[in-house]
Amino acid sequence: MIASSTSEDWPALRVDEWADTRSTLHMWVQIIGKIRLACSPLVNHWWQVTMYVTPRGLTTSSIPYGGRVFDIEFDFCDHRLRIRDSSGASHGFSLEPQSVATFYAQTMEALRALGISVDIQRTPNEVDPAVPFPDDHAHCAYDARAVHLFWRQLVQADRVIAGFRAGFIGKVSPVHFFWGAMDLACTRFSGRTAPPHPGGAPNCGDWVMVEGYSHELSSCGFWPGGGDEGAFYSYCYPTPDGFKDSSVEPSAAFYSDNFGQFLLPYEAVRTSADPDATLTAFLKTTYRAAAELGHWDSAALECDPNRWASRR
């Protein structure tokens, strides 16, 4: 039997306490994400560009480069950026208060030390204004304590969302971190195509969203916004009539017209008697609203994640 979490596992971190650090970190993860984007072949819905939660931070996982592979990890325990390649070589530097321009230069220098030359698009996406990384000297904060707490939030979100993901046998994304909006996400698909997405994200081509939303989906995740301590979210595309008026759990969840999705404040999960069950109820009921109103073939797409429990 796998033990569930306690409220002590879910750290408190107010969004307004680390706003400057969050903005700086957002640019840093975009730089690393764009390195993966530049080197990796396209996978549907841009799944090849994401990062993943690790026991120490966030990783790109293996990135192909010629006849070898390398990875890049943000270590939010020792606060270092680590780059390793399949030859056994490694390089890195400390994560500390420094400008985006300095972080960009150090990253490229570390890659060159490993014989890796990568040319990335130097302008960030999904933010406005979009200052090129080599010119960004304004974002330079790094509160190590806050970053560590944010990573611990991601650990809990990743763990519970992964359990929710297991109940779907249809096409479903990994639980992964999108650096464009700085959110952890997992997306289920109905199997049907969707109308072209209208786009509209700042400094991001509409064609990017057309690829990301090419098929009907129900997506959930966590991001450091939407609540005093961040928020869990759930939305679907296209949005069926009546979705926003659906009855979902827990009672703290609500539909945000501003964001076009259901939100559940992180603090409502953290302070509940059973955080895992509270978040799982939100994930299940918002998905169920999307699937029923969207007429998904649930019998063909869903499964019992414990179907082999008696044999294991």
So the check is Cβ under 8 Å with 6+ separation or different chains; which pairs have a first residue in segment 42-65 that's small (G, A, S) and a second one that's part of a helix (DSSP H, G or I)?
G57/W151
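Quick grid of which residues meet (1) touching a Phe, Trp or Tyr at 6+ places or on another chain (Cβ under 8 Å); (2) under 27 Å from V208 (Cα atoms):
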| residue | (1), (2) |
| --- | --- |
| S5 | no, no |
| E8 | no, no |
| W18 | yes, no |
| V29 | yes, yes |
| I32 | yes, yes |
| I35 | no, yes |
| A38 | no, yes |
Filter segment 96-124 down to the residues that are within 23 Å of H79 (Cβ to Cβ) and basic (K, R) and list them by number.
R112
Counting only residues that are part of a loop (DSSP other than H, G, I, E, B) and of a type in the set (D, E, K, R), which one in segment 132-153 is nearest to S94 (Cα to Cα)?
D143
Residues of segment 109-131 satisfying the condition of being part of a loop (DSSP other than H, G, I, E, B) and basic (K, R)
R122
Just give me the residues in segment 16-55 being buried (at least 17 other Cβ atoms within 10 Å of the Cβ) and either part of a loop (DSSP other than H, G, I, E, B) or not assigned by TED's automatic domain parsing to the domain that holds D78 (or both), in sequence order.
W18, S40, T50, T54
Inspect all residues belonging to segment 295-305 and state whether any of them is surrounded by 16 or more Cβ atoms within 10 Å (Cβ to Cβ), closer than 23 Å to W151 by Cα, hydrophobic (A, V, I, L, M, F, W, C) and modelled with pLDDT of 95 or more.
no
Just for segment 178-225: of the residues that are of a type in the set (V, I, T) and free of Cβ contacts under 8 Å to residues at least 40 places away in the same chain, which one is surrounded by the fewest Cβ atoms within 10 Å (Cβ to Cβ)?
T193
Could you check, for segment 289-304, whether at least one of its residues is among the polar types (S, T, N, Q) and touching a helix residue (DSSP H, G or I) at 6+ places or on another chain (Cβ under 6 Å)?
yes
Which of the residues that make up segment 119-154 are β-branched (V, I, T) and buried (at least 19 other Cβ atoms within 10 Å of the Cβ)?
I120, V127, V147
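The values are calculated or read from the model by the stated rules, or taken from the named source; none is laboratory data. What you see is a predicted model; the values in this text were computed from it and never measured. No Cβ is skipped: glycine too gets one built from the backbone with ideal geometry, and neighbour counts run over all protein chains shown.
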